[in-house]
Structures are given as C-alpha cells and as structure tokens.
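Beneath this line is the structure, given in structure tokens, with notes to follow.
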Amino acid sequence: MPVLLTVLGSGSAGNATLLQYGEARMLIDVGLSCRETTRRLRAIGVAPERVTAVVITHAHGDHTRGAARFSRRYRIPVHATAATRAIWPDAGVWSWGGLDCDVPADIGGFRVTPFEVSHDADAETVAFHIETAAGGIGFATDIGMTTSALRTRFRPCRLLVMESNHAADLLQVGPYSASTKARIAGERGHLSNEALARFIREDLGASVECVVLAHLSRVNNLPEIAALTCREALEASGRSDVRVVVSHQDRVTETVRLDVRPARSGSDLFPGRQIALPFQVPATS
Ligand SMILES: [Zn+2]
Ligand SMILES: [Zn+2]
C-alpha cells in the first residue's frame, strides 16, 4: 500500500493538497472553495467525508478559503496553531485540533511536525515535516526564504513539496507595483525559482527522490521556466535522477506515489556479505 500525495490546486487563487495512506486522508490547506475542493476530491475518487483531518499552514485566504465550510459540511477537524486560530476571519469550523510548532502530533493518520517559516501572515506560517510509512515528506509553500530549520527537517525526506513562486526577472519586469514586487521578493514573501535552485544545489538531501514545485505565480512565472530552473540545479549537483513535478492551479496535478519499502534485513547492513551469528544473542535486561 503506497503513500499518495495529490496537489488538488496550488497558487495564489487557492491551495489544497491531499495526502493518503490507506484510510488516512489528510488535507493540507483548503484554500479552494468547499465546492471546488469537493469536486476535485471526487474527481480522484475520494469521498470528501472520508478525509480524516485538515491542517492549515497560515491564515491567508488562498490557504483557508473553503476550510471552515468543508469542516462543517463533512465533520472534519481543522488543525491550526493557536495564533492562526485567533486571527482567522472565517472561524466556525466543525471542530478545532491543535498544532504546535516543533511538536510532533498524530493527525489524521500521519505524524506531523509543524515548524515556523518566514512569511508575512499576521500569525506564524508553518511548514510541515510528515512521517509516513514510506518515509518523510517535507511541505513548504509561502516561504520568503529557506531557513536552517527547514534545511535540517527536509534533509532526510523522500519527497519535497516546495514553493517555486516566481522567476526573479519576470517579477521585476512584470505588472505589479514596486511595493508588491518588494513584498513578494522579500524574506517574508515568496520563494523564487532561483532561490529554490540554490536550495537544491546546496542543501538537497541524498534521500530526496521527487520535488513537487508549488504555488507558481500565473503572472510572474511559467511552468516550463520553473521546471527548467529546478532541473538545471539538479543536473548541476549530479541529481538528475530526482523527479520534478509541477503543480497546477486550475486542475488536479498528477499523484505522486511513494511505495513503502520492505523492512531491511540484517544482511542489508553489509551488502554482498552473508551474516551468520554463530551464537545465541543473550537477551538484555
Ligand atoms: Zn499562498
Ligand atoms: Zn501566504
């Protein structure tokens, strides 16, 4: 039974990602409307009432828009930090669940550790390290920059979902005002293709097998440019084996599947050598 990650939608018009393992089905953000989230879940064969939990990264509308209604309609708990709950303009979720930075919690069938990232929501923004039966998943959208905490938490992961918001030069020549450009490019704004490429060259963990590019700007980026910048960084660091998936805003992105590896036997510790213990190992007290 594999672990499945499906980006239902990603970008400034709304974000939602589904993580599944058997009966465990967790949504990260419900920034699409409740109706659209429902439609996209059904399109991939998932009944919305079978979602086991919602976790929220931060209180920007493109991450929370449909969450309260979705929670009420299908009776699903919403996990958010206390500070995010305090400023959420659309409270009235069916049931609140906790979320504390740097504290691992069992949520909806997954072990989730939120940690703070650099972004300009009024309450803290979190990214997630998620432990699954198939290994670690790192999830970080809406980050102005990578931090040492993010680099440390993402290093042992198999799958990363990371922001690749804009091409730096397209942002600069684009239609936004100077103040908006400064906000997006700032340390509490959004991660550029180039900043993600730097992370890949300098900090990508050896165990990472797939990178999902998320929260692409439709104004200041192109999927082809984001993918190319990422692939060039992977090739430059000898990691062209890593798969790159570009997520979409207006439709469901292809599901990423992580197969659960069989438990390692003792002989795997010494590849090519047969290990035989000639004596009984005494039980320790
Ligand atoms: Zn966002
Ligand atoms: Zn945001």
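Read-outs throughout are calculated quantities, based only on the coordinates presented, and are distinct from any laboratory measurement. Predicted, not measured: the structure shown is a model, and the values here were computed from it. Cβ placement follows ideal geometry from the backbone for every residue including glycine, while neighbour counts extend to all protein chains displayed.
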The long-range amide H neighbours of Thr132, using H built 1.01 Å from N in the peptide plane and a cut-off of under 5 Å, are Ile137
Note the full-extension length gain between Arg151 and Ala168 as 0.36 nm times their separation in residues minus their Cα-Cα distance, in nm to one decimal.
-> 3.9 nm
Quick one: putting +1 on the C-beta of Lys and Arg, -1 on the C-beta of Asp and Glu, what dipole do you get for the chain around its Cα centre, in Debye to the nearest 20?
-> 760
Kindly express, to the nearest 10 degrees and within the range 0 to 90, the angle between helix 193-203's C-alpha long axis and the longest C-alpha principal axis of the chain.
-> 20
Under the Karplus relation 6.51 cos²θ - 1.76 cosθ + 1.60, θ = phi - 60°, what is the ordered set of whole-Hz ³J(HN,Hα) values for the range 186-191, x standing for Gly and Pro?
-> x, 5, 10, x, 10, 7
Could you list Arg183, Arg42 in order of exposure, starting from the residue whose Cβ has the fewest other Cβ atoms within 10 Å?
-> Arg42, Arg183
What shape does the chain take by its C-alpha gyration tensor, where a ≥ b ≥ c are the square roots of the eigenvalues and a/c under 1.5 counts as rounded, a/b above b/c as prolate, and the rest as oblate?
-> oblate
Bridge type composition, the chain - antiparallel percent by DSSP, nearest 5 | 55
In whole Hz, the Karplus estimates of ³J(HN,Hα) for the range 204-211 (6.51, -1.76, 1.60; θ = phi - 60°; x where Gly or Pro) are 5, x, 5, 8, 6, 10, 8, 10
Estimated distance in nm for a label pair at Arg111 and Ser179, the labels positioned 7 Å out from Cα along Cα-to-Cβ = 4.6
In degrees from 0 to 90, rounded to the nearest 10, what is the angle of the helix 34-43 Cα long axis to the longest principal axis of the chain?
-> 40
Once every DSSP H run of n ≥ 4 in the chain is given -39500 (n - 2.57) and the sum is divided by its residues, what mean residue ellipticity at 222 nm do you get, rounded to the nearest 500 deg cm²/dmol?
-> -7000 deg cm²/dmol
Relative contact order, percent, of the chain when contacts are C-alpha pairs under 8 Å separated by at least 6 residues?
-> 18
Residues whose modelled amide H sits under 5 Å from the amide H of Gly144, counting only those 5 or more places away in sequence or on another chain, are Ser118, His119, Gly189
Under the Karplus relation 6.51 cos²θ - 1.76 cosθ + 1.60, θ = phi - 60°, what is the ordered set of whole-Hz ³J(HN,Hα) values for the range 44-50, x standing for Gly and Pro?
-> 9, x, 10, 6, x, 5, 8
Find how much the distance from Glu232 to Cys101 grows on full extension, using 0.36 nm per residue of separation minus their present alpha carbon separation; answer in nm with one decimal.
-> 43.8 nm
